[in-house]
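Below is one structure, written out as structure tokens; comments come after it.
The values are calculated or read from the model by the stated rules, or taken from the named source; none is laboratory data. From a predicted model like this one, the values you see are computed outputs, not experimental measurements. Here the Cβ is made from the backbone with ideal geometry for all residues, glycine too, and neighbour counts use every protein chain on show. Side chains are part of the model used for accessible areas, which takes the heavy atoms of the whole protein and leaves out ligands, DNA and RNA. Shrake-Rupley method; radii C 1.70, N 1.55, O 1.52, S 1.80 Å.
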Amino acid sequence: MRRAALVTGASRGIGLAIARRLAEQGWDLTISARSEQTLREAAADLERTSSTRVVPIVADMGSEEDLHRLAAAHSEHFDRLDALVLNAGMGSIGSFEEFPVRRMDKLMTINVRSAYVLIQRLLPALRATAGTGEASRVIAISSLTGVAAEPLNSAYGASKAALTSLCDTLNTEESSSGVSATAICPGYVATDMTAPLTDNVPAHTMISPDAVAELAVALTRLDRTAVVPMVPVSRPGPSVWRV
């Protein structure tokens with residue numbers, strides 16, 4: 001049996017690290033990103049270094065049409081969905097007083113609404129896989145800022161708190177049937193998104209993308225008796241909630 005996953009934001013960073021680990025374990029993959037060139041390069045690399053089948057789908061998480069097309073593409077190419085990895089997202093910081101509301105709207109669209117739409121569209125596939133006796137999982141890359149408040153992150157943190165809550169609610173509705181969700185909530189991860197912050201938070205002190213990917217893939221090895229609602233991941237330091 002070849003398991004199958006859909007991974008968003010899979011052309012680089014955490015998403016690519018997760019896709020690479022799944023490919024190494026023989027999973028079939030649908031991967032998505034906005035940039036066609038980097039996505040196709042990632043897909044070619046994954047297929048070249050493993051025996052997996054990779055379907056790259058260019059999709060903008062802000063476009064509901066793209067989200068529907070992405071979900072349909074996975075169902076067209078694969079007859080199961082063992083893991084839906086919601087990694088694509090955007091970040092933006094600013095003071096509570098001055099943060100533009102229109103930018104918060106975009107954060108909520110990309111970080112929360114896209115996840116909601118994809119879960120809705122793919123829930124039948126997740127249920128069908130769980131119906132075979134296997135576990136199927138939604139794995140969302142959230143953030144520690146959605147758990148522990150961080151200055152300048154009022155909007156971003158709110159969007160990630162909503163994503164974490166979405167996972168928790170899915171568990172209350174679906175986990176008894178074998179479909180569960182986990183929000184992985186890391187502090188600062190050394191990716192392109194956090195590169196502008198390295199003057200204040202040196203990259204070598206940030207969590208590595210590989211560490212987050214290892215946690216995500218470890219969840220796929222659990223059977224359906226284990227539901228993991230949230231995994232907070234802190235950087236080293238004196239505070240257990242260190243973003």
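Beta carbons closer than 7 Å, at least 6 apart along the sequence or on distinct chains, pair a first residue in the stretch 43-65 that is crowded, with 16+ Cβ neighbours inside 10 Å with a second that is assigned to a loop (DSSP other than H, G, I, E, B) and among the hydrophobic types (A, V, I, L, M, F, W, C) for Thr52/Trp27; Met61/Ala88. Scanning the stretch 1-33 for residues that are assigned to a loop (DSSP other than H, G, I, E, B), small (Gly, Ala, Ser) and open to solvent by 10 Å² or more (accessible area, probe 1.4 Å) returns Gly9, Ser11, Gly26.
With respect to (1) modelled with pLDDT of 95 or more; (2) surrounded by fewer than 21 Cβ atoms within 10 Å (Cβ to Cβ), the lone exception for Val147 is condition (1). Among the conditions (1) among the hydroxyl-bearing types (Ser, Thr, Tyr); (2) in a helix (DSSP H, G or I); (3) at pLDDT 95 or above; (4) crowded, with 17+ Cβ neighbours inside 10 Å, Thr172 misses just one, which is (4). Looking only at residues in the stretch 114-134 that are aliphatic (A, V, I, L, M) and within 17 Å of Leu86 (Cα to Cα), the one that is farthest from the chain's Cα centre (by Cα) is Ala125. Arg69 falls short on exactly one of the conditions (1) open to solvent by 60 Å² or more (accessible area, probe 1.4 Å); (2) part of a loop (DSSP other than H, G, I, E, B), and that condition is (2).
Just one of the numbered conditions (1) free of Cβ contacts under 8 Å to residues at least 60 places away in the same chain; (2) buried (at least 16 other Cβ atoms within 10 Å of the Cβ) is not true of Glu97: (2). Among residues of the stretch 208-237 that are in a loop (DSSP other than H, G, I, E, B) and open to solvent by less than 70 Å² (accessible area, probe 1.4 Å), those with a Cβ under 8 angstrom from a residue that is at pLDDT 95 or above and β-branched (Val, Ile, Thr), sequence gap 6+ or separate chain, pair up as Thr220/Ile139; Leu222/Val228; Val228/Thr182; Pro229/Thr182.
Per-residue answers, yes or no, for (1) open to solvent by 40 Å² or more (accessible area, probe 1.4 Å); (2) under 24 Å from Ser35 (Cβ atoms); (3) part of a helix (DSSP H, G or I):
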residue	(1), (2), (3)
Asp79	yes, no, no
Arg113	yes, yes, yes
Leu122	no, yes, yes
Pro151	yes, no, no
Ser176	yes, no, yes
